[in-house]
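Only one structure is covered here, and it is reproduced in the block below.
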Amino acid sequence: MTPPLRLGTRGSKLAMAQSRGVAEALTAATGRAVNLVEITTYGDVSNEPLATIGGTGVFVNALREALLDDRVDLAVHSLKDLPTTPAENLTVAAIPERADPRDVLCARDDLTLAELPPGSTIGTGSPRRAAQLRALGLELEVVPVRGNVDTRMAKVTSGELDGIVLARAGLSRLGRLDAVTEVLDPLQMLPAPGQGALAVECRTADEELVGTLAVLDDPMTRAAVTAERTLLAVLEAGCSAPVGAYAVVAEGDAPQSDELYIRGAVVSSDGAISIRKSVTGPVEEAEQLGRTLAGDLLDDGAGTVVGAELKVPKKENVS
């Protein structure tokens, strides 16, 4: 009898919901049983701001260690948390179809951003969201918050905050879309590269499992996030950076006629500098399109913003 696959996951409600979804999809597609194995990461036990503890990798390193130590067979990550540099001996074998990557507002009294009075307090743990909120010029007070979705929402219901900004995909996976008071247009709030997408990772040497997991892969999602994450890599920025990117694929009528459109933004922490660009090209050139867009942003001065604000020392993970 084939033993169940061991799927490594963080223990938060959102991570467990994401991993259960992947496990159920894998079982439905292959008939293979999957057991969840909870792994604690440094990002789960630290209350420090993400930018302080390094951002990129703080939610994934312990999961990768569990893979390399053969304590789990595969791991599920939020793709936006995954470093852009490939991990040695590990492979992202599948990127399932992406959920809606947009950000949302959850505010008191069902208010939208435009309806919130000047001076209203908006919580977010993301420098990217904070920078773009300030760039809107709505005179909102943006304050840092950490914690799971319930902890953050409680700050609104208690009156401590007037609103919080979260990822729509996470609320959807938790069945909490009823709390959303506004879905933010990407023209206002460009999502994080890879937001809404998941990465299913396993050991490169486990070729049979790599092939098995490929059934979960969505090529259009992989192309879109490849462009976004290439942009991030060229800018040498991390998941806690004030960098937004959003790529979409328009399917053409003829073979090899699909087009990829990607927008990118780099915004200074005070919102005073906002550099936004976009490019379009064949979907099979996704990586090059990301590089081209990054180059356009750098040509317009993005390097100064990135260099000044994103060179944050990283700390090691603990498990």
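Between 34, 72, 104, the residue with the greatest mean-square fluctuation in the GNM of the chain (Cα pairs under 10 Å linked by springs) is 34. In whole percents, the pair-distance distribution calculated for segment 103-183 from its alpha-carbon pairs, binned every 5 Å from zero, is 3, 16, 31, 30, 16, 4, 0. Normalised by the number of residues in the chain, what is the relative contact order in percent for Cα pairs under 8 Å and 6+ residues apart? RCO, the chain: 22 percent.
Amide H to amide H, with H built 1.01 Å from N, residue 34 comes under 5 Å of 5, counting only residues 5 or more places away or on other chains. The residues packed around residue 99, meaning those with a beta-carbon under 10 Å from its beta-carbon, carry a net charge of +2 if Lys and Arg are +1 and Asp and Glu are -1. The Cα center of segment 92-139 and the Cα center of segment 189-256 differ in position by 22 Å. Subtracting the Cα-Cα distance of residue 40 and residue 154 from their residue separation scaled by 0.36 nm leaves 38.7 nm. Counting only DSSP beta bridges with both residues in the chain, the antiparallel share comes to about 70 percent.
Spin-label model, residue 70/residue 27: points 7 Å from Cα along the beta carbon direction are separated by 2.6 nm. Between 223, 294, 25, the residue with the greatest mean-square fluctuation in the GNM of the chain (Cα pairs under 10 Å linked by springs) is 25.
Within the chain, the whole DSSP H helices whose Cα atoms reach 24 Å or more along their own axis and whose mean Kyte-Doolittle score is at least 0.0 are 13-30. Please report how many Lys pairs in the chain have alpha carbons closer than 28 angstrom, counting only residues at least 8 apart along the chain or sitting on separate chains. Lysine pair count for the chain: 10. Neighbours of residue 196 by Cβ distance under 11 Å: Lys/Arg scored +1, Asp/Glu scored -1, total +1. Net charge of the neighbourhood of residue 71, taken over other residues with C-beta under 10 Å away and scored Lys/Arg +1, Asp/Glu -1, is -3. The label point for residue 278 and the one for residue 2, both projected 7 Å from the Cα toward the Cβ, are 4.4 nm apart. Each residue, residue 114 and residue 138, gets one label point 7 Å from its Cα in the Cβ direction; the gap between the two is 1.0 nm.
Take every Cα-Cα pair in the chain and report what % of them are more than 29 Å apart. Result: 36 percent of Cα pairs exceed 29 Å.
We did not get these values from a lab; they are worked out from the coordinates using the rules stated. Being a predicted model, the structure only gives us computed values, none of them experimental. Every residue, glycine as well, gets a Cβ built from its backbone with ideal geometry; the counts of neighbours run over all protein chains shown.
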